[in-house]
Amino acid sequence: MKTPSLKGAAHPREESDLKQEKSVIDRVTNELRLARHNWREHQGRELDLGSRELPSNQAIHNVVDSLCAILFPMRLGPPDLTKERENHFVAYSLGTVERELVVQTCLELCYADRNQQATETLRHEAGKLVGDLIGELPALRRKLDDDVLAAYSGDPAATCVDEVLISYPGVHALIHHRLAHALYQAGLPIIARIIAEKAHSATGIDIHPGATIGRSFFIDHGTGVVIGETAVIGDRVRLYQNVTLGAVRFKEDETGSLTKGEPRHPIVEDDVVIYAGATILGRITIGRASVIGGNVWLTQSVPAESQISQASLQQR
Amino acid sequence: MKTPSLKGAAHPREESDLKQEKSVIDRVTNELRLARHNWREHQGRELDLGSRELPSNQAIHNVVDSLCAILFPMRLGPPDLTKERENHFVAYSLGTVERELVVQTCLELCYADRNQQATETLRHEAGKLVGDLIGELPALRRKLDDDVLAAYSGDPAATCVDEVLISYPGVHALIHHRLAHALYQAGLPIIARIIAEKAHSATGIDIHPGATIGRSFFIDHGTGVVIGETAVIGDRVRLYQNVTLGAVRFKEDETGSLTKGEPRHPIVEDDVVIYAGATILGRITIGRASVIGGNVWLTQSVPAESQISQASLQQR
Amino acid sequence: MKTPSLKGAAHPREESDLKQEKSVIDRVTNELRLARHNWREHQGRELDLGSRELPSNQAIHNVVDSLCAILFPMRLGPPDLTKERENHFVAYSLGTVERELVVQTCLELCYADRNQQATETLRHEAGKLVGDLIGELPALRRKLDDDVLAAYSGDPAATCVDEVLISYPGVHALIHHRLAHALYQAGLPIIARIIAEKAHSATGIDIHPGATIGRSFFIDHGTGVVIGETAVIGDRVRLYQNVTLGAVRFKEDETGSLTKGEPRHPIVEDDVVIYAGATILGRITIGRASVIGGNVWLTQSVPAESQISQASLQQR
């Protein structure tokens with residue numbers, strides 16, 4: 001018995017089939033229009049937010065890939081690049097990134113601007129924000145070099161620094177975070193979040209763009225790591241997979257809405273190591289050089305040089 | 001010392017090299033043929049299943065991306081779409097999706113059909129299934145609007161509903177799940193599973209297409225969440241990363257094979273919150289408005305409004 | 001109120017704007033050049049490693065996708081392939097893969113070779129390594145067939161073996177691992193790691209290419225699984241999501257550097273099942289046919305047929 005190939009074949013359709021299909025599509029198109037209308041009425045009472053253009057996921061992804069290539073041309077840039085052509089590639093790519101990022105920044109500023117200023121004003125502001133970001137890239141590169149070294153020296157399975165740079169998910173997530181954090185601080189939370197979620201999807205590491213992270217940071221393996229918006233992490237900190245730096249519970253205001261923006265995530269001081277699966281919640285402080293064992297559940301501050309493990313917690 | 005460029009260079013090959021390479025390839029091709037033959041003999045005793053065409057991952061991914069764009073044209077559709085052209089875009093895309101999905105549905109029906117009915121009968125059935133699915137899209141959109149609102153109000157870090165829609169992995173996974181569930185219920189488990197795994201790969205959230213999920217559902221962060229085939233979730237439920245709604249242990253029939261399809265995953269009633277890392281196993285019921293704390297391990301039912309935490313479990 | 005379209009519009013720029021932008025780009029290009037120079041001086045004291053070409057992520061990804069299609073042509077190959085053309089497809093693709101993989105292997109051998117041998121010698125070695133790998137493919141296919149059967153019989157939600165093959169992340173990760181492990185053993189750790197991280201990104205399953213894994217292995221769901229470099233896993237072993245087979249703590253040598261390559265991950269004997277979230281650390285042995293319960297934390301060996309659960313650990 002032969003299985004007939006169905007792909008690509010233009011099946012002869014009955015006239016009635018086509019008519020019915022058309023009427024379904026017309027009806028569904030109309031009902032979807034109504035659903036969008038109701039949603040927009042419900043949401044955009046004051047301003048027609050629903051029909052404003054947003055920054056594009058795809059455009060931001062392209063910009064970020066270019067920024068990675070600009071920061072590490074021979075490792076994350078085009079495969080046929082040679083050392084002699086690095087500067088030309090970097091200068092040319094910076095120009096391209098600058099233009100596209102100004103466009104996307106304008107979209108976010110327009111979207112967020114409830115007073116609907118003139119576009120020219122916003123475009124000028126966007127140009128300034130993007131210029132500042134580009135100016136920070138050399139310092140960012142030096143920070144990332146420290147992160148790469150931290151990964152290499154923190155993992156006995158690493159064979160060389162270049163392996164770490166091109167293949168470690170923790171490094172990939174951190175390059176994205178340091179870019180996203182700069183944009184978040186510049187007042188562009190939506191673009192920043194798009195960048196963070198690009199890294200989250202690729203690595204399973206979920207760092208909110210608002211989180212503040214010191215130098216020489218290393219996340220090994222990384223899947224399931226969550227670092228919240230107001231977390232503050234010192235220098236030379238090391239985390240493993242499934243570590244959560246989260247909030248305990250959210251405050252509600254008098255209307256029952258959640259209070260936004262309050263410090264609600266942990267402070268992790270310099271030289272702390274946190275092993276896989278540890279959950280650390282609330283605005284508490286993990287003192288300098290502490291070691292938090294795997295799967296530990298922690299909701300209170302610990303002093304410097306603490307050694308916390310599941311067993312020691314049970315003995316208290 | 002110069003590192004020679006190896007890429008793209010056509011190396012002059014010795015005649016003997018080429019001969020040896022050819023003989024390796026011929027031998028390996030033949031051994032692979034034999035391996036496929038043995039596998040098919042072993043599997044497809046009755047029917048030549050191994051040579052039947054299956055639905056295509058790539059085709060299904062394209063259909064799902066189009067459906068996302070149809071449901072939210074200005075947010076998940078093409079970046080240059082304007083409000084004025086939304087209806088045209090939706091109607092046109094519905095037609096495209098309808099055609100491709102009928103082809104893929106036929107492939108699954110043919111594959112699954114042990115009696116090998118005439119293709120025309122299956123094509124007719126496929127057309128009906130796909131028409132029904134398209135008819136459900138407006139109701140689906142309204143459900144998803146509730147999910148977006150649930151995400152916005154459930155996360156203090158969310159700046160606006162549009163940020164939630166375009167960047168939250170929990171929302172992305174849920175759009176995919178609600179589509180996959182409709183196809184699963186229509187008797188298309190393979191297409192449904194392809195959709196579920198597309199979302200799982202992008203978000204780390206693994207929801208079996210068979211799971212039943214009520215309105216206003218929100219998963220925050222999401223990496224590591226697993227929701228099993230027969231789980232039933234009520235309205236306004238909220239989950240965090242690494243929550244498992246799983247099975248305890250599988251029943252085997254008299255031949256030692258696993259019994260398929262039995263209810264074996266939890267029932268979670270309305271207004272329940274389950275914090276990160278909680279593992280809930282077996283056909284138990286989490287009563288209405290209960291709060292299950294982080295990392296809790298639960299294999300027995302709890303009544304409405306329970307507050308379960310690791311500590312309270314130890315005190316029992 | 002009209003939201004102005006910003007995309008693609010060529011904004012008239014002030015002469016001064018353009019000048020300023022150019023000077024920023026020139027300055028940043030120069031500072032980035034300096035940062036690269038400092039990094040390379042710091043790293044490549046003896047050899048100019050930083051400017052050597054590395055294997056390309058994109059090229060390796062293409063090779064691996066082709067190898068998947070060669071191993072399972074009708075399921076992971078091109079959608080329009082028919083049974084009659086399978087052999088031609090396999091033979092042709094093997095030739096393509098052979099050529100590209102020799103190029104990438106040369107790049108890794110050149111990069112790693114501190115003595116900088118003649119390229120022709122390395123090319124010959126690369127040809128031999130790649131030929132050996134291709135010769136192993138039929139045995140690899142038979143191993144993977146066993147893995148597919150193990151997944152099908154280990155999951156009550158699986159409807160057919162083909163669903164398992166095309167959609168299960170555990171199977172996807174294992175195809176990649178078995179290829180990566182062969183390359184790791186051939187002395188190509190960077191290419192092997194690129195393959196492992198491709199699977200890690202797609203599935204959330206992080207298996208180091210060095211890990212040794214027996215026949216009929218199944219990982220269900222899989223997100224968050226970590227299997228370390230020196231882990232040894234027997235036949236018919238089953239794991240669930242978030243299981244870690246990791247190292248306890250790393251030894252440092254007299255200079256404070258981590259000792260690389262030492263056996264430091266668990267040995268898991270035949271027929272063991274390890275449920276979700278279990279963490280097993282150090283060079284310990286899990287005896288034959290043991291069952292390790294969910295969320296168990298284990299740092300000491302257990303004898304054959306042990307049944308370990310959280311409760312039983314507390315009773316000790």
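Just a few scattered comments:
- In segment C:62-161, the chymotrypsin sites (Phe, Trp or Tyr not before Pro) that fall in loop regions by DSSP, at most 10 other Cβ within 10 Å: none
- Convex hull of alpha carbon positions in segment B:170-254: directionally averaged projected area 5.9 nm².
- Over every Cα atom in segment B:52-204, the radius of gyration and the widest Cα-Cα span, Dmax, amount to 16.4, 56 Å.
- Normalised convex hull volume, segment A:47-107, alpha-carbon set, Å³ per residue: 71 Å³
- Estimated FRET transfer efficiency when R0 is 22 angstrom, pair A:Ala112-A:Arg283 (beta carbons, to 0.05): 0.20
- Modelled FRET efficiency - R0 45 Å, B:Asp132 with A:Glu120, Cβ distances, 0.05 increments: 0.30
- A point 7 Å from Cα along Cα→Cβ stands in for B:Gln116, and the other copies hold the same point at 6.6, 6.6 nm, listed in rising order.
- Ascending distances from the C:Glu262 label point to its copies in the other chains, with the point 7 Å along the Cα-to-beta-carbon line: 4.7, 4.8 nm.
- Segment B:273-294 residues near the modelled B:Ala304 label - backbone nitrogen below 13 Å, point 7 Å along Cα→Cβ: B:287-290
- Filter on B:Lys22/B:Lys198; A:Lys22/A:Lys198; A:Lys22/B:Lys143 - keep pairs with C-alpha separation over 30 Å: B:Lys22/B:Lys198; A:Lys22/A:Lys198
- Inter-copy label distances for B:Glu31: 5.7, 5.7 nm (label point placed 7 Å from Cα along Cα→Cβ; shortest first).
- Coordinate range of the alpha-carbon atoms in segment A:148-195 per principal axis, descending: 39, 15, 12 Å.
Taken together, the values in this text are just the output of simple stated rules run on the coordinates, not laboratory data. Predicted model, so just to flag it, every value in this text is computed and none were measured. In this analysis, Cβ positions are derived from the backbone assuming ideal geometry, glycine residues included, and neighbour counts consider all displayed protein chains.
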